[in-house]
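Notes follow the structure.
The values are calculated or read from the model by the stated rules, or taken from the named source; none is laboratory data. This structure is a prediction, so every number in the text was calculated from the model and none was measured. Positions of Cβ are generated from backbone atoms using ideal geometry, with glycine treated the same way; all protein chains shown enter the neighbour counts. We work out accessible area using only protein heavy atoms, side chains counted, and drop any ligands, DNA or RNA first. Shrake-Rupley method; radii C 1.70, N 1.55, O 1.52, S 1.80 Å.
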Amino acid sequence: MLAEVRGLNEECGVFGIWGHEDAAQITYYGLQSLQHRGQEGAGIVATDGKHLHGVKGEGLVTEVFTQKKVQELPGFGAIGHVRYTTAGGGGYENVQPLLFHSQSGSLALAHNGNLINATSLKHQLEGQGSIFQTTSDTEVLAHLIRRGGFGTMKDQVKHALSMLKGAYAFLIMTENELMVALDPNGLRPLSIGQLGEAFCVASETCAFDIVGAKFIRDVEPGELLIINKDGMRSERFSMATNQSICTMEYVYFSRPDSDIHGINVHSARKRSGIQLAKEMNIEADVVTGVPDSSISAAIGFAEATGIPYEMGLIKNRYVGRTFIQPSQSLREQGVKMKLSPVRGVVEGKRVVMVDDSIVRGTTSRRIVKMLKDAGALEVHVCITSPPIKNPCYYGIDTSTREELISASHSVEELRQAIGADSLTFLSVEGLIEAIGHEKQNSHCGQCLACFTGEYPTEILPDTMHPHDKELMC
């Protein structure tokens, strides 16, 4: 499948707005700017103050929504979601926002992240009579809210959130209110913006630029924002503990024009290329980056070494989702369809190929082979992150060590496996330095678990693959 072309995929992106007469239309544009975070499903739920109306479907934002469908979502508030399948699997029923109707009112949920105690909570809720309509861990929150007993909706939401463990950025909407919540570790990015008198919230700040909103600030870990006709107010459902934004947001997931905790993603990636150049010594004729997320780092590497940067690889932007085919032979063709070497740039040259990560190794091997088939004399692979040796349980589709080639291979063994003339990874210390939280005097820490194995939260047994449970014993 085309996911193999890059190797890592994140679960989703969320966008919401409150207090705008064209809320659904604004959300549509916001989701388009977040399309890179999920391509398997999209949805929007809007409120007019009396009812919640939703449209969702499998596919890209432009495939799910026509102008007519957007116009069927009137109202002043809306939340939207783009999905990449990890926890809970695919299928129409799992496309978000999830929308629930009851006699006491309606509820819509959009979630970015992964709940590591979802399985145990589901067993508990089913034992109390809950019937789940999806296999998504997001639905757990809806049941917890509705079983929260008496009190205001805010109190029920706070109680429900306090029972969750893992990574989550939630948008929770009723007919008359939008609530925004970020997990106590702040593992996923989430920001607040303003568009006129309306408030916006998005997984990435690039969405604010697209819709013309002004960035206000990042949502704080353990914070619950309540947005309604009276404006926006902030409360806490949990104290922040060991704040740890996912480092891969800077390395790969986020768009380069986004800012995360005051740090521009493009600048962080460029610094990682500069830092990688400091940590190695190589002679080459040309530097190229694997589009798109590695271009910034390749430019930094070229500037630091004095080796010319060239577009040695071209990305075909017109390969649609229809190319995803079931046969292995067509999957093998995926990289060639997505990426093409520029023979005039690499032929007869010693090439430095800068990439952001190696997950399973298959993509790197194919790209190295493509460059050599195009006439490259040598291909030196430089990775602007450390080896990924540990699974992620927070919403990235690397949930077992068996998927990770660096977990079972040394750097030299991996170099041989991908056919490179040399292979260099950026050190953990170098990556931290490149991102630059300490230089920015940021209070935000980083989750480095996929590199170091040090997880910022407890990892529950029902989250782990059986093989990994054995390794932990």
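Worth pointing out:
- Overall dimensions of the stretch 224-263 by Cα: Rg and Dmax, Å: 14.5, 39
- For trypsin sites (Lys or Arg not before Pro), the sites in the stretch 30-62 that DSSP calls loop and that have at most 14 other Cβ atoms within 10 Å are LYS50.
- Computed over the stretch 192-262, the convex hull of the alpha-carbon atoms projects to a mean area of 5.4 nm².
- Distribution of pairwise C-alpha distances over the stretch 377-424, 10 Å bins, in %: 27, 46, 23, 4, 0
- Heavy atoms of the protein chains alone define the surface here; on that basis the stretch 118-161 has 48 Å² accessible area per residue at 1.4 Å probe size.
- Trypsin sites (Lys or Arg not before Pro) restricted to the stretch 68-150 and DSSP loop, no more than 15 other C-beta within 10 Å: ARG147
- Stretching the chain fully between SER427 and SER162 yields a gain of 91.8 nm (0.36 nm per residue, less the alpha carbon separation).
- Counting only DSSP H runs of at least 4 residues, each contributing -39500 (n - 2.57), and dividing by the residue count of the chain, the helix-based mean residue ellipticity at 222 nm comes to -7500 deg cm²/dmol.
- Span per principal axis, largest first, for the Cα atoms of the stretch 155-216 (Å): 36, 28, 14
- If R0 is taken as 35 Å, the Cβ-Cβ distance between ARG146 and PHE215 corresponds to a FRET efficiency of 0.55.
- Remark: the Cα gyration tensor places the stretch 129-233 in the prolate category, a/c being 1.5 or greater and a/b exceeding b/c.
- Under 30 Å from the Cα of LYS372 - lysines, other chains or at least 8 residues apart: LYS270, LYS278, LYS315, LYS336, LYS338, LYS349, LYS389
- Distance distribution P(r), the stretch 233-314, all Cα-Cα pairs, bin width 10 angstrom from 0: 17, 40, 25, 10, 7, 1 percent.
- FRET efficiency, MET337 to GLU303 (Cβ-Cβ, R0 45 Å, nearest 0.05): 0.90
- With 0.36 nm allotted per residue and the present C-alpha distance subtracted, the ALA417-ARG236 stretch has 60.2 nm of extension available.
- Solvent-accessible area of the chain (1.4 angstrom probe, protein heavy atoms only): carbon and sulfur portion equals 51 percent.
- The loop-placed trypsin sites (Lys or Arg not before Pro) in the stretch 200-258, going by DSSP, that have at most 16 neighbouring Cβ atoms within 10 Å of their Cβ come out as LYS229.
- Sequence-distant lysines (8 or more away, or on other chains) whose Cα lies within less than 29 Å of LYS50: LYS68, LYS69, LYS154, LYS158, LYS214, LYS229
- Here the chain is treated with +1 on each Lys and Arg Cβ and -1 on each Asp and Glu Cβ, and its dipole about the Cα centre works out to around 580 debye.
- Treating each Cα of the chain as one equal point scatterer and applying the Debye formula with no solvent, the log10 of I(q)/I(0) at q = 0.08, 0.14 Å⁻¹ comes out as -0.47, -1.36.
- Spherically averaged projected area in nm², based on the convex hull that wraps the Cα atoms of the stretch 342-423: 5.3 nm²
- Between the stretch 160-210 and the stretch 29-95, the alpha-carbon center distance in angstrom: 16 Å
- Taken along the Cα-to-beta-carbon direction at a fixed 7 Å, the label points for SER410 and ASP257 span 4.6 nm.
- Shape class for the stretch 58-194: rounded, because the ratio a/c of the largest to smallest gyration tensor axis (alpha-carbon atoms, square roots of eigenvalues) is under 1.5.
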